[in-house]
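Heads up: the structure comes next, in structure tokens.
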Amino acid sequence: MMVTLTIDGQIIHVERHTPIIEAAKQLGISIPTLCHHEGLQPFGSCRLCIVEAFRGNRSKLVTSCNYPAEEGLTVLTASDRVLETRKMVMELLLARCPDVPGIRRLAEKMGVEAVGFKKKGDQWCILCGLCVRACEQMVGVSAISFASRGIEREVKTPFGMESDVCIGCGTCTYICPTGCIEMTGDPGPPGHRVMDMGDLALGSCSNNHDCETCDIDQGFLDKMKRAIESVRL
Ligand code: SF4
Ligand code: SF4
Ligand code: FES
């Protein structure tokens, strides 16, 4: 069922429940994101994609990556309220990950120069969940997941042990927008968390590991390249 909504003054007809961010994209309106990937189910964790959605005179801030298009909805993607809140979200991200180049660049682009919060740490993971969802939904393995709560929350293999299901494809490494995951044996600069991804299942290849002649591998690489381009900061 098609619905009609207005985004930044432009009218658009889309299928009901289309995420607002997709409808905005069709109008050429770009909304900043960190945890969104169109090939993965939305997670709504970074809050950077917030927009203001109006029903009559009442409005509320919603995350556009998972808020569904409804008949008669009016959306503002860059109202004062949106920009102010988005800036605050960015400040929090910068406070969490002050050393991540991509976060610093994005903050600068959004005019967030001085962090108003006390520096919270030198982490690289913004808990966007892209790696977890990609491993589950693209690779079909679920070798990593979120563990713990609050400030202890992190992405890891079950019990932090070497995974016996990870195929070492590197998808999580490629899709991570902060460069937080490095494959074992490739330690990054200080501050990176190196996850032990386990051994490759070398016995499972029917093409004698000749990736250059493997249709599956090439198709997979193309998919990954597109994924990287859409999430790299
Ligand atoms: S390298 Fe392992 S953990 Fe990362 S996406 Fe591939 S299977 Fe999942
Ligand atoms: S490791 Fe990277 S992709 Fe995974 S949750 Fe953290 S920042 Fe996101
Ligand atoms: S992109 Fe929507 S919450 Fe992260």
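Quick one: is Arg58 surrounded by 16 or more Cβ atoms within 10 Å (Cβ to Cβ), modelled with pLDDT under 95 and among the basic types (Lys, Arg)? Break it down into steps so the answer makes sense when it comes.
Working: surrounded by 16 or more Cβ atoms within 10 Å (Cβ to Cβ): no; modelled with pLDDT under 95: yes; among the basic types (Lys, Arg): yes.
No.
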Inset, instruction - Return the residue satisfying two criteria in turn: it lies in the stretch 50-80 and is assigned to a loop (DSSP other than H, G, I, E, B) and either under 11 Å from the mean Cα position of the chain (by Cα) or farther than 29 Å from Gly102 by Cα (or both), and of such residues it is nearest to ligand 2 (Cβ to nearest atom). - result: Cys65
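Yes/no per residue for (1) crowded, with 22+ Cβ neighbours inside 10 Å; (2) among the aromatic types (Phe, Trp, Tyr); (3) in contact with a strand residue (DSSP E or B) (Cβ under 7 Å, 6 or more places away or on another chain):
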site	(1), (2), (3)
Met2	no, no, yes
Gly39	no, no, no
Arg47	no, no, yes
Cys65	yes, no, yes
Inset, instruction - Answer yes or no: is there a residue in the stretch 86-106 that is over 19 Å from the mean Cα position of the chain (by Cα) and part of a helix (DSSP H, G or I). - result: no
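Determine, yes or no, whether Asp164 is at pLDDT below 85 and either under 20 Å from Leu48 (Cβ atoms) or away from ligand 1 (no atom under 16 Å from the Cβ) (or both). First the steps, then the outcome.
Values: at pLDDT below 85: yes; either under 20 Å from Leu48 (Cβ atoms) or away from ligand 1 (no atom under 16 Å from the Cβ) (or both): no.
So Asp164 fails the test.
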Legend entry - Selected residue (criterion: modelled with the highest pLDDT) from residues of the stretch 112-126 that are within 17 Å of Arg47 (Cβ to Cβ) and surrounded by fewer than 18 Cβ atoms within 10 Å (Cβ to Cβ): Val115
Legend entry - Yes/no for His37 being within 16 Å of ligand 1 (Cβ to nearest atom) and either farther than 30 Å from Pro101 by Cα or in a loop (DSSP other than H, G, I, E, B) (or both): yes
Legend entry - Tally of residues being touching a residue at least 40 places away in the same chain (Cβ under 8 Å) and out of contact with any Lys or Arg (no Cβ under 8 Å at 6 or more places or on another chain) across the stretch 52-72: 5
Inset, instruction - Answer yes or no: is there a residue in the stretch 142-158 that is of a type outside the set (A, V, I, L, M, F, W, C), away from ligand 3 (no atom under 16 Å from the Cβ) and modelled with pLDDT of 90 or more. - result: yes
Legend entry - Filter pass, Cys35 being within 16 Å of ligand 2 (Cβ to nearest atom), closer than 27 Å to Thr171 by Cβ and touching a His at 6+ places or on another chain (Cβ under 7 Å): no
Inset, instruction - Among the numbered conditions (1) in contact (Cβ under 8 Å) with a residue 40 or more places away in the chain; (2) more than 30 Å from Gly140 (Cβ to Cβ); (3) within 17 Å of the chain's Cα centre (by Cα), tell me where Cys46 comes up short. - result: (2)
Inset, instruction - Could you check Met138 against (1) within 16 Å of ligand 3 (Cβ to nearest atom); (2) touching a residue at least 60 places away in the same chain (Cβ under 8 Å); (3) not assigned by TED's automatic domain parsing to the domain that holds Arg16 and say which number it fails? - result: (1)
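The values are calculated or read from the model by the stated rules, or taken from the named source; none is laboratory data. Keep in mind the model is a prediction, meaning the values are calculated, not measured. Every residue, glycine among them, receives a Cβ derived from its backbone with ideal geometry; neighbour counts consider all protein chains shown.
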